[in-house]
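Q: Dumping the structure here so I can ask a few things about it.
What follows is calculated from the coordinates using simple rules that are stated; it is not laboratory data. The structure presented is a predicted model; accordingly, all values stated were derived computationally and were not measured. Don't worry about glycine lacking a Cβ; one is built from the backbone with ideal geometry, like all the others, and counts go over all protein chains shown.
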Amino acid sequence: MLKTVSNKERTYINDNYELVKNAIISAVKNDGKGIYYDAYALCQKRDKVCINCSIPVFIWNGSKDNTTPVSYAEYLAKKYDAKEIHIIDDVGHMMYLLYWKEIVLETLNV
């Protein structure tokens, strides 16, 4: 996976090695069920997306994400009637590592 991350993400990972390592270890605890549920969710058919309209949806995606392309983020934004969609230039799938604070603050300011 490190071959597919942007230089910004690689720098963050290197500068925060222990934090990232512990997050990965936590993700595979409980017999790997966290990763299992993520993979299961990604494999589900998405043509019947249903969400309570009173819940604001924010979508964040890196422009260089090789796992979840921008086109899929745009598709979800339409299906969920997203309140906001952010496409962040020059970052990939680990974008949330760089923009965690902004993501949380946006969610809290609803």
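Q: Where does the charge balance sit around P56 when Lys and Arg score +1, Asp and Glu -1, over other residues with C-beta under 13 Å from its C-beta?
A: Charge balance in the 13 Å sphere: -2.
Q: Which net charge results when you count Lys and Arg as +1 and Asp and Glu as -1 among the other residues whose beta-carbon is under 15 Å from that of I85?
A: -4
Q: Something else about it: Treating cross-link reach as a plain straight distance, find the lysines whose alpha-carbon is under 24 Å from the alpha-carbon of K101, omitting any fewer than eight places away in the same chain.
A: Once the sequence-local lysines are set aside, what remains near K101 is K8, K21, K64, K83.
Q: If you don't mind, there's one more thing I want to ask. Expressed as a whole percent, how much of the Cα-Cα distance distribution for the stretch 51-110 exceeds 15 Å?
A: 49 percent
Q: Sticking with this structure for a sec: Could I have the simple spin-label model distance between K3 and S54, label points 7 Å from Cα toward Cβ, reported in nm to one decimal?
A: Taking the simple label geometry, K3 and S54 are separated by 4.9 nm.
Q: Something else now. Could you give the length gained by full extension between S63 and D90, i.e. 0.36 nm per residue of separation minus their alpha carbon distance, to one decimal place?
A: Computed gain between S63 and D90 is 9.1 nm.
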